[in-house]
Amino acid sequence: MTKNKDLSLVKATYKNLRSSPRKINNILRSIRGLKAEIALRNLRFSEKRVANEISKTIKSAVSNAENNNQLDIDNLFVKEAYVGKGITLKRFRPRARGRAAGIKKQFSNLTIIVAEKKNDQKKQNKIKDNK
């Protein structure tokens, strides 16, 4: 796999998020590839409970890009957004006739990677040169 030298990548993780990976992945599917600002706007209007936690992670990645890597926040987009399985708490619920039913409370590890495209300046220079 070749690396694109025009991209600067910044990562933010949220460990032990109290929701199952299956529920989180449905939301992540809708924000992959979007500009960071548009992704945050879409998450603000989402009715899912975990959308607030995902938006916190995106804000963290954007602030990491701005403060640690001196990237322009206007050119950032969500390059990758994926979720992995975290810990599982095992609980029991009492049922009829002295039986018990197991309950699995799943946690997730969320990773957001934002990138900045630097080739916009090169395209603008080419357009100016052609004129």
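The values are calculated or read from the model by the stated rules, or taken from the named source; none is laboratory data. Only a predicted model underlies this, so the values are computations on that prediction, with no experimental measurement involved. Neighbour counts are summed over all protein chains in view; Cβ atoms, including those assigned to glycine, are modelled from backbone coordinates with ideal geometry.
On the stretch given as region 63-93, residues that are assigned to a loop (DSSP other than H, G, I, E, B) and surrounded by 11 or more Cβ atoms within 10 Å (Cβ to Cβ) total 3. A single entry from Val83, Val62, Val10, Val78 fulfils the requirement of being in contact with a Ser or Thr (Cβ under 6 Å, 6 or more places away or on another chain) and either hydrophobic (A, V, I, L, M, F, W, C) or at negative phi (or both): Val83.
When you scan region 94-116, how many residues do you find that are farther than 14 Å from Leu9 by Cβ and part of a strand (DSSP E or B)? So the count comes out to 12.
Looking at region 45-62, is at least one residue among the aliphatic types (A, V, I, L, M), closer than 20 Å to Pro21 by Cα and either part of a loop (DSSP other than H, G, I, E, B) or modelled with pLDDT under 95 (or both)? Within region 45-62, one or more residues are among the aliphatic types (A, V, I, L, M), closer than 20 Å to Pro21 by Cα and either part of a loop (DSSP other than H, G, I, E, B) or modelled with pLDDT under 95 (or both). The set of residues in region 11-44 that are among the β-branched types (Val, Ile, Thr), assigned to a helix (DSSP H, G or I) and in contact (Cβ under 8 Å) with a residue 40 or more places away in the chain comprises Ile24, Ile31. Starting from residues that are touching a residue at least 60 places away in the same chain (Cβ under 8 Å) and in contact with a Pro (Cβ under 8 Å, 6 or more places away or on another chain), keep the ones in region 87-115 and report whichever is farthest from Pro21 (Cα to Cα). This residue is Gln106.
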